[in-house]
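What follows is a set of notes on a single structure, which appears directly below.
The values are calculated or read from the model by the stated rules, or taken from the named source; none is laboratory data. Quick caveat: nothing in here was measured; it's all calculated off a predicted structure. Counting neighbours? That spans all protein chains shown, and the Cβs are built from the backbone with ideal geometry, glycine included. Accessible surface areas use protein heavy atoms only, side chains included; no ligands, DNA or RNA. Shrake-Rupley method; radii C 1.70, N 1.55, O 1.52, S 1.80 Å.
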Amino acid sequence: MTRNIYLNNVSVEEAKKKWYSALELKRATEKIDIRDALDRITAEPIVAKVSAPHYHASAMDGIAVKAEKTAGASEKNPIKLEKDKDYQMIDTGDPIPEVFNAVIMIEDVNRISEEIVEIEKGATPWQHVRTVGESLVKGELILPANHQISPYDIGLVLDGGVIEVKVYSQPQVQIIPTGTELVEPGASLKPGNIIEFNSQVLAKLVQKWGGKAVRKKIIPDNYQEIKAEVSRAVAEMDLVVVTAGSSAGSEDYTAQILAELGEVFVHGVSMKPGGPVILARIGNTPVIGVPGYPVAAALTFRLFARSVIYKLAGKVEEEEDRKVKAKIVSKVLSSLGFREFLRVKLSELDGEVVATPLARSSGVMGSLVEADGLVAISEFSEGLNSKEEVEVELLKDRVRAEKTLLSAGSNDLTLDILKDELAGTGFDFITKSTGSLGGLTALKRRETHLAGTHLLDPETGEYNFSYLKNLFKNREIMLVNLVYREQGLMFRKDNSKKIQGFEDLAKEDLLFINRQRGAGTRVLLDYMLKEKGINPEQINGYDRIEYTHMTLAAAIASGGADTGLGILAAAQAFDLDFIPIAKERYDLAIPREYWEDERIQVLLKVLRSDEFKERVNKLSGYDTSKTGQVIKHE
Ligand SMILES: Nc1nc2c(c(=O)[nH]1)N[C@H]1C(S)=C(S)[C@@H](COP(=O)(O)OP(=O)(O)OC[C@H]3O[C@@H](n4cnc5c(N)ncnc54)[C@H](O)[C@@H]3O)O[C@H]1N2
Ligand code: MOO
C-alpha cells in the first residue's frame, strides 16, 4: 500500500464550505409519545385537542356562590347564605355547579350553623374561578414546529389532550474506531496497546447534540475490513465517523477508502490539533474521518460534524457557543499557517479574567477535561503576547474564574490531594509542573497565584529564601510549608545494576534519568554531585529529562532508565526501591497581596486541616509537622 502523504491544507472556513455545500441533508420525522420527547424537535405545530380546563373549575377551596347574591356584603352589613340554595361547598379544581359563578375562599366565610354561613365581602363574578380555556383553548397552538421540547412543554402538551407528536428523527451516527493497536476498555494491556475511548467521547457528543450513536467493534488497520464496515454503515446511517488512519502512516487508509467508495472533499485543514481531518460523502451519507489523537478527534468532530448533526436533528438555528473575553496569561508561540485551538482555563488574577493555556499536545485528553474554553490563534499570527486580549469560546456551561486558583512550580503528589480537597469546597486548583524556578518566574511575571518550590541554596543549605530575595525585590512573598519530603535514588527492585548510593551514578553501564533545568530536584542533584566530587559529564543520561516525579518513576519502572532522583511516594507508586538522599522542605510561595483572597484563605484552611494532613501521611516519605505554617524569612 502506498502512503498517502498528499494532504492539502485548506482553511477551516474553506473546508466547511466545500463539505457542507456538497451535502444534501434530509431530515426524517417520526411520531412518538410526548412523554418520551424531551429535547426532541417538533416537526409540525402541536395544537390543543381539548381546552384546559375544559370546565369552569374552582381555583380555591371555599364556597361556590352567585356573585349577585353577595353584592353589598360588608363587616357592618354581613350577608347570610343558605346551603344549596345560595352556596355549595367546593374544593380547588372542582367543577362549578352551573347555577353559580364565583368562589369565596373558606378563610372569608364565617360558619353560623350547619346550613348557614355569613360573608363580610361581596364576590365579583368569576372570582377564584378558572374558566374554560384559561390555560389552553381547544385548537390553540401549544408549540410551533422546529421547537426543542422542554420538561414544561411536555406538561402543556399533555394538558392540551395531546399524546402523540411528530418530531424529527434522531440522526443515526455510526462511529467506527479503527486501529490494530486499540483494545476495549478493561482489557489487559500489552506494550503497544491503546485503550479505545475516542468512540465513547464522540458517541456522547452525538447524544448531547441530539443524535443517536451506534458503535460496534474495533476494526483493525485492514483495508478490506475498514472498507466493508464503512460500506455497511453508509447504507444505514445518517452520518458515519471513522476514527484514526487519517494521517501519513503506512496503515492510514481512511482517505483512500472514502475516495474509493465516494468523494473526498477535504483531506487536511490548516488547523492544530486536527490537521489531517477528512471530509467526504458516500452516496448521500456524509462521512468524516477524524484524526486518532483524542483531542484532535474531539475538536474536529465538534468543529465539522456538530452542525451536520444539528441540521439532521431538525435544529434550525445552530447553537452559538458562548464567548467571553480574557487576557492570555502568558506568551504563546504558534506556527504561521495553522489555526491553533488552544485549550485554556479561566481564572481571575489581579482583578482580571485570565486564560491559562493548558497542555497543547493533541494526545493529552486532560487538556480538554480541564479546559473552560478554546482560544483560536489565527493562522496569520505567530502567537499571542502575554496579557493580550483573546476571545474564549466556552466549552462548559458554567465557568467560575473567581473560584479558580492557579499554581505553578514543582510537582508533588500532595498537590493532587490539595486539588481534591479544594474541589470539595467548590474551588478549582490548576497546577502547572514547571519546576521550582519556573514557578517562581511565573509568579514574578504575574501568571499564577502561587508557586510550589523547594530550591536548595548550596551556600546556606536553606531552602527557597535566597531565591525569593533575588527574584522579588519589591514584592512581599509569604512562604507556607506544604510538606517536608524524602528525596532519593529510585531503581527497580531487582537492582541488577547494584546501585548503593550516589557514588554509583558514574558507573558506565548505568543509565540515569534527570529532571528538567530549574527543577528543585535537579538543583539538589547538582548540589549532591558537587559534594561527592562527581562531574555531571560522567553520568550517562544526565541530559535525558522528565518533568514530574511520576513520569520519572514510570521511565525507570519500564526499563527506560536505571535510576533517577525523586520522591519516595513516586518510587512506591511504581514499586521501585529507594535510597534516601535528603529530606527537603517544599513550600508554597504566595504574594502578600493575595493573602486575603478568599481562594488563598480556603487553601490555608485546607492545608491546616486534619483531613489533608491525614491523607498526606498515608503516602510514604512525607512529614506534615509544619504543613500550613508560615515560614519566616526576610
Ligand atoms: N508523518 C506524519 N505523521 C503524522 C502526521 C503528519 O502529518 N505526518 N500528522 C500527525 C497528526 S497532526 C495527527 S493528529 C495524527 C493523526 O493520526 P491518525 O489519524 O493517522 O491516527 P493514528 O496514527 O492511528 O493514531 C494516533 C494516536 O491516537 C491513538 N488513537 C487512535 N484511535 C484511538 C481511539 N479510538 N481511542 C484512543 N486513542 C486512539 C493512537 O493509538 C495513536 O496513539 O498523526 C500524526 N502523525
Ligand atoms: O494536528 Mo494533530 O491533530 O497534531 O493532533
Where ALA557 falls short, out of the listed (1) buried (at least 16 other Cβ atoms within 10 Å of the Cβ); (2) under 31 Å from the mean Cα position of the chain (by Cα): (2)
Filtered residue count, the stretch 79-98, keeping only those that are open to solvent by less than 70 Å² (accessible area, probe 1.4 Å), part of a loop (DSSP other than H, G, I, E, B) and out of contact with any His (no Cβ under 9 Å at 6 or more places or on another chain): 4
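Test PHE304 against the criterion of being among the aromatic types (Phe, Trp, Tyr), over 30 Å from GLU402 (Cβ atoms) and either in a helix (DSSP H, G or I) or not assigned by TED's automatic domain parsing to the domain that holds ARG599 (or both), and give yes or no. Don't jump to the end; show me each part of the working.
Details: among the aromatic types (Phe, Trp, Tyr): yes; over 30 Å from GLU402 (Cβ atoms): yes; either in a helix (DSSP H, G or I) or not assigned by TED's automatic domain parsing to the domain that holds ARG599 (or both): yes.
Yes.
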Tabulated pairs, the stretch 274-286, first under 21 Å from SER247 (Cβ atoms), second of a type in the set (S, T, N, Q), C-beta under 7 angstrom, 6+ apart or interchain: GLY274/THR300; PRO276/SER246; PRO276/SER247; VAL277/SER246; VAL277/THR300; ILE278/SER246; ILE278/THR254
Looking only at the stretch 280-293, and only at residues there that are within 14 Å of ligand 1 (Cβ to nearest atom) and outside any loop (DSSP other than H, G, I, E, B), the one that is nearest to LYS26 (Cα to Cα): ILE288
Every residue from the stretch 36-69 that is surrounded by 19 or more Cβ atoms within 10 Å (Cβ to Cβ), aliphatic (A, V, I, L, M) and touching a Leu at 6+ places or on another chain (Cβ under 9 Å): ILE46, ALA48, ALA52, ILE63, VAL65
Criterion violated by SER347 - all others in (1) buried (at least 21 other Cβ atoms within 10 Å of the Cβ); (2) modelled with pLDDT under 95; (3) among the polar types (S, T, N, Q) satisfied: (2)
Some residue of the stretch 149-158 being surrounded by 14 or more Cβ atoms within 10 Å (Cβ to Cβ), under 36 Å from the mean Cα position of the chain (by Cα) and among the acidic types (Asp, Glu): yes
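Of the residues that sit in the stretch 503-548 and are among the aliphatic types (A, V, I, L, M) and over 23 Å from PHE574 (Cα atoms), which one is nearest to the chain's Cα centre (by Cα)? Full working, then the answer.
In the first step, residues of the stretch 503-548 are kept if they are among the aliphatic types (A, V, I, L, M); the result is 505-506, 510-511, 513, 519, 523-525, 528-529, 534, 539, 545.
Filter once more, so that each one left must be over 23 Å from PHE574 (Cα atoms): 506, 523, 528-529, 534, 539.
Details: ALA506: 46, VAL523: 36, MET528: 43, LEU529: 44, ILE534: 48, ILE539: 43 Å.
Only one residue tops the list, namely VAL523.
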Top-ranked residue of the stretch 188-226 - restricted to ones that are in contact (Cβ under 8 Å) with a residue 60 or more places away in the chain and within 9 Å of ligand 1 (Cβ to nearest atom), ranked as nearest to TYR310 (Cα to Cα): LEU202
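When the residues of the stretch 467-503 are narrowed to those that are assigned to a helix (DSSP H, G or I) and within 17 Å of ARG522 (Cα to Cα), which ends up least open to solvent (accessible area, probe 1.4 Å)? If you could, list the steps in order and put the result at the bottom.
Initial filter on the stretch 467-503 (assigned to a helix (DSSP H, G or I)): 467-471, 502-503.
Filter once more, keeping what is within 17 Å of ARG522 (Cα to Cα): 467, 502-503.
Numbers: TYR467: 52, PHE502: 5, GLU503: 118 Å².
Once the filter is applied, the top-ranked residue is PHE502.
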Unmet criterion (only one of (1) open to solvent by 60 Å² or more (accessible area, probe 1.4 Å); (2) of a type in the set (D, E, K, R); (3) in contact with a Pro (Cβ under 8 Å, 6 or more places away or on another chain)) for GLU118: (1)
Filtered residues of the stretch 445-466 (kept if part of a loop (DSSP other than H, G, I, E, B), open to solvent by less than 40 Å² (accessible area, probe 1.4 Å) and closer than 27 Å to GLY351 by Cβ): GLU447, THR448, HIS449
